[in-house]
Every structure is written in C-alpha cells, then in structure tokens.
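Colleague: Sharing a structure, written as structure tokens. Questions coming.
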Amino acid sequence: MGAFWSRFRRHKAAVAGLVVVVLVIVIAIAAPYFYPVSPWKMVQRPFLPPFANGAVPLGTDTLGRNVASGLAYGARISLLIGTISTLVALMVGVPIGAAAGYFGGLVDDLLMRFTEFFQTIPSFALAIVLVAIFQPSLVSITIAIAIVGWPPVARLVRGEVMAQRKREYVEAAILAGQSHWTIITRQILPNVTSPIVVLASLMVASAILLESSLSFLGLGDPSIMSWGYMIGAARTVVRQAWWLSVFPGVAILISVLALNLVGEGLAEALDPRSSRDQH
C-alpha cells in the first residue's frame with residue numbers, strides 16, 4: 001500500500017484530481033448543513049445575479065431558487081447515480097467477462113455475442129430508450145446507465161482472465177482439485193483488480209456525464225435536483241441569465257476531469273512497470 005501511494009503521489013495531476021473529488025464528496029454530504037432550506041424553495045427574487053447578495057453568492061434561477069444550494073444538492077445526485085450505476089455494471093460485467101475468459105469455447109461465444117448485442121446500439125441512444133420506457137426516475141436512470149456500462153467491463157475482464165488462465169498458478173489450482181468458482185474468485189480475479197478499479201473510476205465520470213445529458217433532455221427525475229436538470233431548465237434563458245448554465249456546467253466539467261485524472265493516476269500507480277518506464 002505504501003508503494004502504491006508513493007507512485008500515485010508522483011502523478012501531480014492525479015493528486016489534484018483526488019483533492020477535487022474529495023471536496024465534491026464533502027460538499028455533497030454536507031449540503032443539508034450548508035443549505036438547510038430545500039433547493040426547490042424560493043429564497044430571493046428571480047434572476048438575481050451572482051455575488052450580488054451574500055446569502056445567495058451564485059445568484060438565483062428563474063423561480064428565485066438558490067443556485068449554490070442546487071449545485072450542492074445536485075452533487076449528491078450525480079455522485080449517487082455515478083457510483084451505484086458503476087457498481088451495478090461491475091456486478092453484471094465482471095461475472096460475465098470472467099466466465100467467458102475462463103471457460104472459453106461455446107461459453108465464450110455465447111456470452112460475447114450477448115455482450116455485442118448491447119454494444120450494437122449507441123450507449124446514449126439506448127439509455128434514452130430505456131429511461132423513456134421505464135419513466136424518468138432515479139432508479140430507471142441508474143439502471144439504464146448500468147445497462148449501457150457493463151459491456152466494456154465484460155470485455156476488459158474477459159481479456160484479463162484469458163491472460164491469467166494460462167498462468168502456472170491456475171494450472172496448479174486445477175491440479176489441486178479446486179473448483180472453477182474457487183479458482184475464478186480466489187485465484188484469478190484478485191490478480192485482475194487493477195484494471196477493473198481504473199475502469200470503474202472512469203465509468204463514474206461517464207455516468208455523471210450521461211445522467212447530466214439525460215436530465216438536460218428532460219429525461220431526468222423531475223423530483224430531484226441535479227446538475228443536468230439545472231442546465232436544461234436554464235437553456236431558454238442563457239442570454240438573460242448566463243450563470244444558470246455556466247455554474248452547473250463548470251461543476252460537471254471539473255468533476256469529470258478530476259475523476260479522469262484520478263483514473264490515470266490509478267493506472268500508473270497500480271502498474272509498477274509504467275512507473276519504472278518513466279524513470
């Protein structure tokens with residue numbers, strides 16, 4: 001663990017990204033303490049520009065709601081959807097990829113054809129169709145993002161497991177009489193966690209972007225405040241109130257960029273060979 005952190009700290013951009021991610025998490029958790037009033041309630045006159053009032057530093061929207069409060073509560077929704085959808089995608093993609101890579105043959109063909117079926121449809125278009133079918137809600141959005149996110153996980157895990165399947169320790173486990181389930185879960189998967197962790201960090205960033213895009217198109221949960229909803233609600237008044245689109249847009253940009261930087265740092269820290277190659 002010490003060597004991991006030592007390699008991670010060498011990636012200055014990744015450290016900065018981690019600081020930003022932690023800050024966003026803290027803001028999301030502490031949103032009710034910073035802004036006890038609901039982000040849906042009117043607190044000032046509409047279209048109050050930013051920095052004109054200390055109580056609402058980032059101004060108000062078309063209905064007089066606090067933009068800063070919306071950003072704080074929106075961070076909770078973005079992180080929640082991004083994290084849960086990624087976990088669900090991993091729960092689906094890892095077993096499918098592991099089974100395909102380990103058993104090969106007919107099992108591999110069937111599972112990969114099933115995976116390719118989901119990849120033939122553009123992920124954004126598939127997410128729109130799924131959310132529209134199940135009605136926009138927090139649950140349907142999370143499930144839709146997970147459904148379009150698991151195929152890359154399955155393909156990654158399949159390739160890694162196929163490479164590990166030929167190693168001596170796997171052959172030794174087979175000769176020792178261990179079951180296939182034991183070999184996959186206790187022998188192979190612990191050795192392929194590094195690329196999965198890196199992919200997961202990038203998937204959270206992609207999920208945040210996808211949720212924002214769906215909310216912008218009006219397919220978000222109308223009962224929750226999110227960054228995408230804020231941008232979508234402000235698209236008709238961009239010239240009159242630029243801050244209503246700029247601030248949530250900057251929040252999305254910074255969060256996604258930070259998560260991608262963390263992913264790059266994890267990729268280098270979890271692969272000692274890449275660190276040696278740089279020196």
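The values are calculated or read from the model by the stated rules, or taken from the named source; none is laboratory data. Quantities reported herein were computed from a predicted structural model and do not represent experimental measurements. Cβ sites come from the backbone with ideal geometry, for glycine too, and all protein chains shown count toward neighbours.
Colleague: Could you please find all residues in the range 113-129 being surrounded by fewer than 19 Cβ atoms within 10 Å (Cβ to Cβ), assigned to a helix (DSSP H, G or I) and not aromatic (F, W, Y)?
Modeller: R113, E116, Q119, S123, A125, L126, I128, V129
Colleague: Identify, by number, the condition in (1) buried (at least 18 other Cβ atoms within 10 Å of the Cβ); (2) at pLDDT 95 or above; (3) farther than 27 Å from T185 by Cβ; (4) of a type outside the set (S, T, N, Q) that D61 doesn't meet.
Modeller: (2)
Colleague: Then there's this: Take the range 68-119 and flag every residue that is in contact with a helix residue (DSSP H, G or I) (Cβ under 9 Å, 6 or more places away or on another chain), without any contact (Cβ under 8 Å) to a residue 40 or more places away in the chain and of a type in the set (D, E, K, R).
Modeller: Hits for the range 68-119 are D109, E116.
Colleague: Now a separate question. G101 - would you say it is touching a Lys or Arg at 6+ places or on another chain (Cβ under 6 Å) and under 27 Å from V197 (Cβ atoms)?
Modeller: So G101 passes the test.
Colleague: Oh, and also: With respect to the numbered conditions (1) small (G, A, S); (2) within 19 Å of A146 (Cβ to Cβ); (3) at pLDDT 90 or above, which one is the sole condition not fulfilled by S215?
Modeller: Going through the list (1) small (G, A, S); (2) within 19 Å of A146 (Cβ to Cβ); (3) at pLDDT 90 or above, S215 breaks only (3).
Colleague: So, one more: Check S179, S255 and return the single one that is of a type outside the set (A, V, I, L, M) and within 25 Å of A146 (Cα to Cα). Spell out the reasoning first.
Modeller: Values: S179 fails: within 25 Å of A146 (Cα to Cα).
Result: S255 is the single residue among S179, S255 that is of a type outside the set (A, V, I, L, M) and within 25 Å of A146 (Cα to Cα).
Colleague: Okay, moving on. Restricting attention to helices (runs of 4 or more DSSP H) lying wholly within the range 1-102, give those where 2 or more residues are of a type in the set (G, A, S) and farther than 20 Å from G232 by Cβ.
Modeller: On the way: elements: 2-10, 12-29, 31-34.
The helices (runs of 4 or more DSSP H) meeting that bar are 2-10, 12-29.
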